[in-house]
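The values are calculated or read from the model by the stated rules, or taken from the named source; none is laboratory data. It should be emphasised that the depicted structure is a prediction, and the values quoted were computed from it without experimental measurement. Here the Cβ positions follow ideal geometry from the backbone for every residue, glycine too, while neighbour counts run over all protein chains shown. The area values use the complete protein model at the heavy-atom level, side chains included, leaving out ligands, DNA and RNA. Shrake-Rupley method; radii C 1.70, N 1.55, O 1.52, S 1.80 Å.
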Amino acid sequence: MTGGTRRRPRAARRSTVAAIALMVGGAGLIAVNTYASASETNETDQSGTTRLAAGAAGSTVDCPEVADSLPELSEKALAGVSDELAAMDTQVTDAYQRLTRMGTAPGAGEKVKGEVLDPLEKSRAESIGRITDSIGKSTGERPSGLDDLAACEVRTAPGGTTGNGSGDAGADGKGSGDKGSGDQGTGGDGGTPPAAGGENGNGPEATDFVDIRTVRPNVNRAPEARSGASRGSFSVDCGVNENKNYNTDNVIVAPGVTNGAHHTHDYVGNQDVNAFSNNDTFAAAGTSCDAKGDKSSYYWPVMRVQDGTQEFDQNNDGGGKEGNVGKILTAKQAEIKYVGSPTSKVVGMPKFLRIITGDAKAFTNGTANANAHFSCTGFEDKVQLTDRYPICPKGSDVVRSFAFQSCWDGQNTDSANHRSHVAFADANGNCAGGFKAIPQLTMRLVYSVPTPVIANGQVKNAYAVDGFPEQLHKPINDHDDFISVMDQNLMNQVVDCLNKGRNCGAGTPPENGNGAGKGDDDGGKGNGESDDKGGQGGNGGNGKGDTGNGGATEAPAKGGTPNGQDEAKGSGGFGDEAVKSGGTAGADAPRTESTVASEAQRAQSGANPDTSASPSAVSRPEGGEDQEPAGSVNPAPQAEGSQGSLAETGSQLWPAAAGALMLCAGLVVLLRSRRHTARR
């Protein structure tokens, strides 16, 4: 009896211990799953790159743009000023990274002011002083007002609650500035910034995406072409950067400064573009363009999908060190086309003309110079987004579009702010202030992008355009850069093609001649012009009809032979060396200018810069009362939708489910053990 009495408590204790072990293990699985899903704290991944805390990254550093307040400068003065402007970009990047490391603990406001904003203001003031001195030596007059641009503030990304979580960051203690959009913080401690999302913690977040099918159509018609318009187009094929020509320099804004862009660019066209390139190296370089007379540089920020891929720049400046992470996507298509003016003829671009369209800092600078356009194939003529990345339906690809400034001051190839020497036409397509219409460069980049999945306010498989880290990968920052390096002969062809209303260049079929033979009863000769690929001859006339002349400037393709004349009776046929007859008349080709070009012109013509594609007009929250499908020709929706697939959901939840089962099993064992002991 005594031995049996001792064994029973020992068995009960074993049952109790086993029950507690099951409960603790189950609770641990649940906790680990919850922690992994939240990802709220800083951590270091396998590559050694420190990920930024999402809460900290919900705030950013907002500084006035000094470049926009500079007077016109000589080339010599501009070089020194550019160095200081690039240094100021680095100062802001460093300050932002210090901010993200601090987090948003109570009382952080004074710490942010003392350790981030005050040192930043001091370094900016020193740079501004050197800029002022340089301008004073060059022009004999020191610019006023630049000193007021030294101070910066901390602002909360749109979507946060009241308060910026960083205390009295600004001079007046306010959170958000008066630029940009979204909720504004009111300063002081304790504000709750939004989760900034993104693989590296600085964006994009779920609110930066929208299902394009929920956005109402917002694309307006282009201005009507008038008499004397240049209705043609000229396409160039320079590839999609298949050879992986990348760098993080910015030769226009920061010449001579390594990593002047703080993000990675794709380069097509000119193959010798970096911080140290100049006009001489541009002229001597090779090109990826089919037309070897086009050594122009076309470059844009790369797009990445944040899928955990360790890219070549994962641990480099401009790459992972500055929050630009994930797999770099190469565009499926890079359509580059020059189009004419709806109101006048165009003049040729000067060689080495520099143009930047859009603003890489639009999130903090505001939308005055923003020119981002995102859409999906099948939706481009209906919806263009400026401040949201589109989630495209199954079978539809993401499209980035750009329309560059189409008016030039007639003198300068660049300016101090890299903008004032060129301008957009007004809402009617006119160039103002004595500016001249030039061929308008348009680009269309098409990407096959894995679909982002949004659930519980978080985005998985996000994609984003590279940018300055403090811009939080917002889509409004998208921009494009261009340096014109066409030889004179090719530029003349572009101008002639546009002004004569023809569609020319890469990928365009041979065209009908523009000259129509005027036949009477006795017939007449039809003279057709063509581009360098040859074309079709003019109309050989009616009645008896004489010969049609197909005028080809170089080797004939399908089209006319050089001054080839052939006898033909009746009405003329084609002026082709294989067809012994006259040519058919060529008519003015319809204008095929992208609607994006007209949107950009209207958006930046001087009135409301966001008239037709503003954030409020374009990107409405899902479920809004004024929403409707973008059109009736939408591709079929994707199977996963915005909630993720069943398989994904299961893979995310199984640890928590197993933990719950273990917890319940432990409770059952514990209760049974207690009942068994009580009966004894």
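If the Cβ limit is 9 Å and pairs must be 6+ apart or interchain, which residue in segment 379-397 that is open to solvent by less than 30 Å² (accessible area, probe 1.4 Å) pairs with which residue that is among the acidic types (Asp, Glu) and not in a loop (DSSP other than H, G, I, E, B)?
Gln384/Glu599; Asp387/Asp208; Tyr389/Asp208; Pro390/Asp211; Ile391/Asp211; Cys392/Asp211; Pro393/Asp211
Can you find a residue in segment 260-272 that is open to solvent by 20 Å² or more (accessible area, probe 1.4 Å), within 30 Å of Ser341 (Cβ to Cβ) and not β-branched (Val, Ile, Thr)? First the steps, then the outcome.
Start the filter on segment 260-272 by keeping residues that are open to solvent by 20 Å² or more (accessible area, probe 1.4 Å), which leaves 271-272.
Right, trim to within 30 Å of Ser341 (Cβ to Cβ) and you get none.
No, segment 260-272 has no match at all.
Residue by residue through segment 218-227, note down the ones that are open to solvent by less than 70 Å² (accessible area, probe 1.4 Å) and either of a type in the set (D, E, K, R) or over 15 Å from Ala425 (Cβ atoms) (or both).
Asn218, Val219
For Arg400, all conditions in the list (1) open to solvent by less than 30 Å² (accessible area, probe 1.4 Å); (2) outside any strand (DSSP E or B) hold save one; what is the number of the exception?
That leaves (2) as the condition not met.
Quick check on segment 457-479. Is at least one of its residues surrounded by fewer than 24 Cβ atoms within 10 Å (Cβ to Cβ) and either under 28 Å from Ala222 (Cα atoms) or of a type in the set (Val, Ile, Thr) (or both)? Reasoning before the result, please.
We begin by selecting, within segment 457-479, every residue surrounded by fewer than 24 Cβ atoms within 10 Å (Cβ to Cβ); these are 457-458, 460-461, 479.
From the residues that got through so far, the ones that are either under 28 Å from Ala222 (Cα atoms) or of a type in the set (Val, Ile, Thr) (or both) too are 479.
Yes, there is a match, as at least one residue in segment 457-479 is surrounded by fewer than 24 Cβ atoms within 10 Å (Cβ to Cβ) and either under 28 Å from Ala222 (Cα atoms) or of a type in the set (Val, Ile, Thr) (or both).
Test Asp307 against the stated conditions and say whether it is of a type in the set (Asp, Glu) and crowded, with 24+ Cβ neighbours inside 10 Å. Lay out the reasoning, then the answer.
On the way: of a type in the set (Asp, Glu): yes; crowded, with 24+ Cβ neighbours inside 10 Å: no.
Considered against the rule, which asks whether it is of a type in the set (Asp, Glu) and crowded, with 24+ Cβ neighbours inside 10 Å, Asp307 comes out as no.
Return the pairs, sorted by first residue and then second, in which the second residue is hydroxyl-bearing (Ser, Thr, Tyr) and not in a strand (DSSP E or B), the first residue lies in segment 194-214 and is open to solvent by 10 Å² or more (accessible area, probe 1.4 Å) and modelled with pLDDT under 90, the beta carbons are less than 6 Å apart, and the residues are 6+ apart or on different chains.
none
Every residue in segment 237-253 that is of a type in the set (D, E, K, R) and farther than 21 Å from Gly467 by Cβ, please. Before the answer, list the steps.
First pass over segment 237-253, keeping only residues of a type in the set (D, E, K, R): 237, 242, 244, 249.
Within segment 237-253, Asp237, Glu242 qualify.
Table: residues versus (1) modelled with pLDDT of 95 or more; (2) within 16 Å of the chain's Cα centre (by Cα); (3) open to solvent by 10 Å² or more (accessible area, probe 1.4 Å).
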residue: Trp300; (1), (2), (3): yes, yes, no
residue: Val325; (1), (2), (3): yes, yes, no
residue: Thr330; (1), (2), (3): yes, yes, yes
residue: Met349; (1), (2), (3): yes, no, yes
residue: Thr357; (1), (2), (3): yes, yes, no
